[in-house]
1. Roughly what would the spin-label model give for B:T4 and C:S244, points 7 Å off Cα along C-beta, in nm?
2. Between C:L106 and C:A51, what is the FRET efficiency for a Förster distance of 22 Å, r being their Cβ-Cβ separation, to the nearest 0.05?
3. Taking every residue in A:77-86, how many Cβ atoms of other protein chains lie within 10 Å of its Cβ, on average?
4. Please list the helices of chain C that count as membrane-span-like by this rule: a mean Kyte-Doolittle hydropathy of at least -0.5 together with Cα atoms stretching 30 Å or more along the helix axis, each helix being a complete DSSP H run.
5. List the residues, sorted by chain then number, that are 5 or more residues from C:A99 or on another chain and whose placed amide H is less than 5 Å from its amide H.
6. B:M164 to B:E111: FRET efficiency via 1/(1 + (r/R0)^6), r the Cβ-Cβ distance, R0 45 Å, to the nearest 0.05?
7. At a Förster distance of 45 Å, what's the computed FRET efficiency of C:F296 paired with C:L9, Cβ-Cβ distance as r, to 0.05?
8. Taking C:K290 as the anchor, which lysines have their alpha carbon closer than 28 Å to its alpha carbon, excluding any fewer than eight residues away along the same chain?
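Here, each number is a calculation from the coordinates, and none is a lab measurement. This one's a predicted model, so the numbers in the text were calculated from it and none came from an experiment. In this analysis, Cβ positions are derived from the backbone assuming ideal geometry, glycine residues included, and neighbour counts consider all displayed protein chains.
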Amino acid sequence: MVPLSYYLIVSAILFSLGAAGVFLRRNLITILLSIEIMLNAVNLTFVAFGRFAGDVDGQIIPFFVMTVAAAEAAVGLALIIALFRHRESLNPDTFTNLKW
Amino acid sequence: MPETLVFYLFSGLAIVASALVIGQRNPMYSVLLLVLSFAAIAGLFLQLDAPFLALALMIVYAGAIMVLFLFVVMLLNAPQEDALTWDRAHPLRHPVVTRFGTLLAVVLSVELAYALMRGNDLAQPVGSRAGGELVSSVRELGRVLFTDYMFAFEATSILILVAMVGAVILARREREPS
Amino acid sequence: MDLRLLLQLAVIGFTFFMLINASALLVLAERKVMGFMQQRYGPYLVGPHGALQPLADILKLLFKEELRPKGADKWLFTLAPILSVTAAFAAFATVPWGAETTFFGLLDEPIKLGVADVNVGLLVIFAITSMGVYGIVLAGWSSNSKYSLFGGLRASAQMISYELSYATSLAAVVMLAGSLSVREIVDSQAGLWFGFIPRWLIFLQPVGFLVYAIAGVAETNRAPFDFPEAEQELVAGYNTEYSSVRFALFPQAEYINMATMSAVASDLYLGGWHFPGVPVWLGWAVFLAKVGAFLFFYIWMRWTLPRYRYDQLMGFGWKFLLPLSVVNLIATAGVWLYFNA
């Protein structure tokens, strides 16, 4: 039998990997992918706790997280396409017009 | 015993695939590795008696959102990061200050893991407190979704509509005034 | 080893074996049926009535040279056909093809004829079918050639658009049958109404059946919806640059997808292995007949109807088929509530 803490540790590692991706990568698409990793880690935590407590709510909340993540990925990718059309680059460091 | 083995297999696959996602230069490979990571997490969901959620993850995330990512990568012919920025960004080639930061991050995660392992409440096996019949029933999931979470359900459907309209408008080419 | 385990493994192996045979037989059936429709014999030289033609085709393909264009992505070029074929075979995992059997009393408890019976079986089929998109997308992109890229992009856009109508028609079926397990949906179609009409869901859901059939044809990139591999327009679409074994896997994946779609249609709408008057232990033959009829319908459509242009195809999928399937779902829900409230 797998203890609950094992699932939580896996989820923590996945979350930190996603966060590391957001900080370290210089490619807009890979940053979005890392955000998806983080969201999935959170889903795993919810489902693990839900199963532990015997509650169905642990599956309902990831359901909504997935839906919102889908909407966010769609809009984020549309933004990336629009940005790419302007600057021909996917490096976030090229979009620094507002810095003084 | 086979349960623990399956858990290690799926979680190891998920962690390795996610680590490779953030470590790949080619964005096409990153997307495909993320699909592999999703498949592993779906396996973990299956082990946690959540079959509907596991399949919904595969259908929605791996089957639709990742295809959308693939489209964008192919459409933009996403360039690989050039070697200089890649070398600068790689954690092991940072100057000493950021190497220290990476060390701190590793120490933090080890401490977190240790704290999680020690907590008595959390060390119980996952299925020990309650049986899995209620949690794995799709009927129960639907019932709770459409009664207790009705408002969130309707709000999410409006959100998806807004996102769809927004995505179409944002990705449109600007028309030159004729 | 335990006899039950052995027999279950034998059933699984038999299913896999029959799927491979199905793809070979479909190669022959397509060419013969096409030939007869065009008032000529199909292949007739190799073996009696051309029966060994698929064997000749496979041998020819195996001996061809394995090419890979220089700019093609090394890993993805080989991964794409493997993904296609794996998804095609795996989707058949939760499709039941017969009732339970004890193998003439050899076992105490009957085993179910089918690879697996999962209580969310229909979703498994749908999930794995949507994985099949990746094979085509990666084939198109990794070939590093413009015809392939066009074919791959168009095919994947088409497949994910028609998945929506596919899923909505499935939702109406689940509503009527009350379960996501394909075996239970089939068993809810046993019996007769008024003594002579079988309880098949096609009589309750004619519109849903049409939507499912059309979406299924579009999902497998067949018949009037095969623009992505349009032989006259795009050279060969996403499999332009492929040769030999890697090429052979693509039509095989296509035929297995056809067989899976026909099997799921027979299970969901045509009553699976139930037929009035036929004993349940012969159900697998009934199922085979229904799947065969559906596959004949597939081949018939391909060689009769002209091809949809790509924008017509996408317009049809989004602007007609999806609203139709949603209306079908809502109407089904309304009628069901009226009779069961």
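1. 4.7
2. Details: r = 33 Å, r/R0 = 1.51.
After rounding, the FRET efficiency stands at 0.10.
3. On the way: counts 11, 10, 4, 7, 9, 6, 2, 6, 4, 1.
Average per residue, whole number: 6.
4. Numbers: long enough: C:3-37 (48 Å, 1.55); C:121-142 (33 Å, 1.80); C:146-177 (46 Å, 0.77); C:244-268 (36 Å, 0.58).
Within chain C the helices that satisfy the rule are C:3-37, C:121-142, C:146-177, C:244-268.
5. Here the answer is C:G283, C:W284, since their amide H atoms fall under 5 Å of that of C:A99.
6. Values: r = 44 Å, r/R0 = 0.97.
Using R0 = 45 Å, I get an efficiency of 0.55.
7. On the way: r = 32 Å, r/R0 = 0.71.
Calculated transfer efficiency: 0.90.
8. C:K32, C:K112
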